[in-house]
Amino acid sequence: GLLGSLRVARQQGARSIFVFDHWKNYAAHFLPDVLPDHIVVADETGREALLEAIGQEHASRVSILPHLGIEAAVARIQAYSLRLPGVVAVLLDPTESRDQLGYDWRSVVHEIGLRAQAMPDTIFHIKPHPRQNIQEVKAFLLQEGMPADRFVLVDMDTEELIAAVDEVWGMTTIALVAALKAGKLIKSIQTGRNAKGIIASNHIIEPFVN
């Protein structure tokens, strides 16, 4: 594992580097006395969150390198021409109750149904995560009484879907970061989350948890 590799590198006198391609779980990879020589994060938000987790005394280890994957995704999103006015995109994560975050994809879908009551003219295009069973999601929408002509399950490219709408809702997917940087309104729905759910969240989208 990572910790073992870092220990071996230290024993052999080899320098180590760890690159974060996300904005969460900063403390989950290391121990206080087992850290890489260099840690790369995507931006100042990531740097601040990392140092909060591992300690300001390690600031010299941390460098910023822009997230090239996100930048490329933003460029692709902005190149699409399809537009879907009056549509909110919903990007699901495959979270389950056993993950013990205080919420899961079912509770989020339920919450969306509640919020939709105050948005009678809005259509919701719901994209399940690739690891989800779309038929299971479809059955849950039916169970919740969410009509298929208003809560539309879609299987289109995520970036094209983001490009087509003005607002994107999700949970903690990194696609919300791409949507935000592409100029879209975003909401992160984590209703009922607990302490573990907070840790699992994404520092970039925390201001948009709603």
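General remarks:
- Evaluation of residue 69 against (1) exposed (fewer than 15 other Cβ atoms within 10 Å of the Cβ); (2) under 27 Å from residue 11 (Cβ atoms) (one fails), failing number: (2)
- Here is the figure for the range 58-114: residues that are of a type in the set (Asp, Glu) and in a helix (DSSP H, G or I) total 3.
- Within the range 150-162, one or more residues are more than 24 Å from residue 114 (Cβ to Cβ), in contact with a Pro (Cβ under 9 Å, 6 or more places away or on another chain) and either aromatic (Phe, Trp, Tyr) or surrounded by fewer than 17 Cβ atoms within 10 Å (Cβ to Cβ) (or both).
Residue by residue, here is whether (1) in contact (Cβ under 8 Å) with a residue 12 or more places away in the chain; (2) in contact with a helix residue (DSSP H, G or I) (Cβ under 8 Å, 6 or more places away or on another chain); (3) within 23 Å of residue 14 (Cβ to Cβ); (4) open to solvent by 20 Å² or more (accessible area, probe 1.4 Å) holds:
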{"residue": "65", "(1), (2), (3), (4)": "yes, no, yes, yes"}
{"residue": "78", "(1), (2), (3), (4)": "yes, yes, no, yes"}
{"residue": "82", "(1), (2), (3), (4)": "yes, yes, no, yes"}
{"residue": "85", "(1), (2), (3), (4)": "yes, no, no, yes"}
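- Residues of the range 165-186 that turn out to be modelled with pLDDT of 95 or more, closer than 14 Å to residue 90 by Cβ and surrounded by fewer than 19 Cβ atoms within 10 Å (Cβ to Cβ), as a count: 3
- Matching residues, the range 3-52, being part of a helix (DSSP H, G or I), of a type outside the set (Asp, Glu), open to solvent by 50 Å² or more (accessible area, probe 1.4 Å) and closer than 27 Å to residue 71 by Cα: 45, 47
- If you go through the range 95-116 and keep only what is farther than 15 Å from residue 189 by Cβ and either of a type in the set (S, T, N, Q) or open to solvent by less than 70 Å² (accessible area, probe 1.4 Å) (or both), you end up with 96, 97, 99, 100.
- Within the range 187-210, restricting attention to residues that are part of a loop (DSSP other than H, G, I, E, B) and among the hydroxyl-bearing types (Ser, Thr, Tyr), the residue that is surrounded by the most Cβ atoms within 10 Å (Cβ to Cβ) is 201.
- Checklist (1) assigned to a helix (DSSP H, G or I); (2) open to solvent by 50 Å² or more (accessible area, probe 1.4 Å); (3) within 20 Å of residue 117 (Cβ to Cβ) applied to residue 140, failing item: (2)
- Residues located in the range 10-27, provided they are of a type in the set (A, V, I, L, M, F, W, C) and in contact (Cβ under 8 Å) with a residue 24 or more places away in the chain: 19, 20, 23, 27
The values are calculated or read from the model by the stated rules, or taken from the named source; none is laboratory data. Source: prediction; values computed, not measured. Please note: Cβ atoms are built from the backbone with ideal geometry, for glycine as well, and neighbour counts cover all protein chains shown. Accessible surface is based on the protein model in full, side chains and every heavy atom, while ligands, DNA and RNA are left aside. Shrake-Rupley method; radii C 1.70, N 1.55, O 1.52, S 1.80 Å.
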